[in-house]
Each structure stands twice: as structure tokens, then as C-alpha cells.
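Report on the following structure.
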Amino acid sequence: MSESERLPADVTDALEMILEPGDPVHAALREQVPHLRLHSRCTCGCGTAYFEIDTETVEPAPINPGSPVVAAAPLVTEDGECPGEVLVFSYGGYLTSLEVCSWGEDIEPTLADARRWLRSYD
Ligand SMILES: [Zn+2]
């Protein structure tokens, strides 16, 4: 594993905030987080990140292959606005990406915003 491809802490934090330890599928996906490597990030600055994982050494999670979205969490600002959501995608039982979606035109949430607003959602 090369150092340059390690998952940034902001992505790791967001995944750990969204994936719930009490949910068996989420718990299995959380086990994958330390093994994820960063494949690429969206160039628009939105914080969307695409992953790579070594499927030889990591167990797949027991996921319904027909539903690639394994988790979705709305972003709620301090003012109670909901400018978007964070979605976590999988393929074949493995985490593939984390996407920060914007619903409005006024705010383009970044991953830093997402961390703050997911926290306030708790
Ligand atoms: Zn983007």
C-alpha cells in the first residue's frame, strides 16, 4: 500500500459518522474503512471521493447487490436548512465511493461542511 493513496482523515471521519455500528451491513462496511485507498476525488471541490480496496484480503459486506446506495444522511445546517446529503455507494459488497450532493443553488457543501452538519444532525 503506497502512502500517497491512504484515505484522508476527512473521508474516514465522514464514513464513520454515516455508517452505524449497530447495523450489521454498516458494521461490516466499517471494517473495510481502514483498508480503503483513495482512487480519486471529484475535481469540482465537492468532496466526493472514489475508493479502491484489495478484495483479496478484505471480506465483502452482506449487501443486496441491487441497491448500490448503502447509506444516506441529510446535511442539516445550524439554521435548520438542508442543503444536501451524503451518500455512500458500494459494489459487490465493497465500499466504492462517498458523494456529497447539493440540493440547492445557494450552498455547495464541501466535505468539511458535511462533517460539521452531520455532527449537528446527531
Ligand atoms: Zn464534485
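The values are calculated or read from the model by the stated rules, or taken from the named source; none is laboratory data. In this text, all values refer to a predicted model and were calculated from it rather than measured experimentally. So basically every Cβ, Gly included, is an ideal-geometry build from the backbone, and we count neighbours across all protein chains shown. Side chains are part of the model used for accessible areas, which takes the heavy atoms of the whole protein and leaves out ligands, DNA and RNA. Shrake-Rupley method; radii C 1.70, N 1.55, O 1.52, S 1.80 Å.
Observations on the model:
- Taken over segment 72-91, the residue count meeting the criterion of being under 20 Å from residue 7 (Cα atoms) and touching a Pro at 6+ places or on another chain (Cβ under 9 Å) is 4.
- Pairs where the first residue, in segment 36-53, is over 16 Å from residue 90 (Cα atoms) and open to solvent by 20 Å² or more (accessible area, probe 1.4 Å) and the second is near the ligand (Cβ under 7 Å from one of its atoms) and modelled with pLDDT of 95 or more, C-beta under 8 Å, 6+ apart: none
- Segment 54-74, residues that are open to solvent by less than 30 Å² (accessible area, probe 1.4 Å) and touching a strand residue (DSSP E or B) at 6+ places or on another chain (Cβ under 6 Å): 70, 71, 73
- If you filter segment 14-30 down to residues that are within 20 Å of residue 109 (Cα to Cα) and away from the ligand (no atom under 16 Å from the Cβ), you find that the one that is surrounded by the fewest Cβ atoms within 10 Å (Cβ to Cβ) is 16.
- Counting only strands (runs of 3 or more DSSP E) that fall entirely inside segment 31-115 and contain at least 1 residues that are of a type in the set (Ser, Thr, Tyr) and either out of contact with any Leu (no Cβ under 6 Å at 6 or more places or on another chain) or more than 12 Å from the ligand (Cβ to nearest atom) (or both), the qualifying elements are 37-41, 49-52, 84-91, 94-102.
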